[in-house]
Amino acid sequence: MTCRKVDLLEKVAAFQGYFRIDRYRLRHETFDGGMTGDVVRELFERGHAAAVLPYDPVRDEVVLQEQFRIGAYAAGHEPWLIEIVAGIIEDGETAENVARREILEETGLCAIEMVPVVETLVSPGGTSESVRIYCARVDSSEAGGVFGLASEGEDIRTFTVPASEVADLLDSGRIANAVALIALQWFVLNRNRIRDRWSG
């Protein structure tokens, strides 16, 4: 945490539904050493998440998925996004356990080994949500199909992409999900290292 000063004056729940919106009133230190006036911000609260890019070093391919996203639809973008596996971390869960559970739930595959990639804030101007990203070693020989929980309205198409084509997929502009972009860019930079590690 920074040593700069933040005075929290008030925090109230402005909305509580499936998600929550909190309203903050605060003052914070400025770069010149002064303090701002009262600042009011609404913050979207949905918890924190874990995401994982499944990779098979033997077949040298990644496992991706495609599903409908309401945010993309509302923004006027293609609403079926190519993504990586992800899920919300519930109370008492670790990010790694969530990643392992979601791989099985959303792809039918098991994580043999996992390495951490990065933890990132999704959109810190409006939400506290963070995502811890992993890369998982899997056997992708049986990958493919439609997965997800019907009770949660999930309809997730899982498919594989040769590792040699990931950079071209990124260049095509088809990946519009920030978490997937981060994971796949990391993969392009670290593919040889991670493949050597898991192929030995």
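The values are calculated or read from the model by the stated rules, or taken from the named source; none is laboratory data. In this text, all values refer to a predicted model and were calculated from it rather than measured experimentally. Positions of Cβ are generated from backbone atoms using ideal geometry, with glycine treated the same way; all protein chains shown enter the neighbour counts.
The table for this structure:
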{"read-out": "Qualifying residue in region 25-41 (condition: aromatic (Phe, Trp, Tyr) and not in a loop (DSSP other than H, G, I, E, B))", "value": "no"}
{"read-out": "Residue in region 72-81 that is under 22 Å from Ser164 (Cβ atoms), in contact (Cβ under 8 Å) with a residue 24 or more places away in the chain and assigned by TED's automatic domain parsing to the domain that holds Ala180 present", "value": "no"}
{"read-out": "Those residues of region 104-132 which are more than 20 Å from Asp60 (Cα to Cα) and not charged (D, E, K, R), in sequence order", "value": "Val118, Thr120, Leu121, Val122, Ser123, Pro124, Gly125, Gly126, Thr127, Ser128, Ser130, Val131"}
{"read-out": "Residue count, region 103-123 (criterion: modelled with pLDDT of 95 or more and among the charged types (D, E, K, R))", "value": "2"}
{"read-out": "Tally, over region 39-68, of residues that are of a type in the set (D, E, K, R) and closer than 16 Å to Phe147 by Cβ", "value": "1"}
{"read-out": "Long-range neighbours under 7 Å by Cβ, at least six apart or interchain, first residue assigned by TED's automatic domain parsing to the domain that holds Ala13 within region 124-140, second at pLDDT below 95 and buried (at least 23 other Cβ atoms within 10 Å of the Cβ)", "value": "none"}
{"read-out": "Strands (runs of 3 or more DSSP E) within region 82-200 that include 2 or more residues within 30 Å of Tyr24 (Cα to Cα)", "value": "85-89, 113-121, 130-137"}
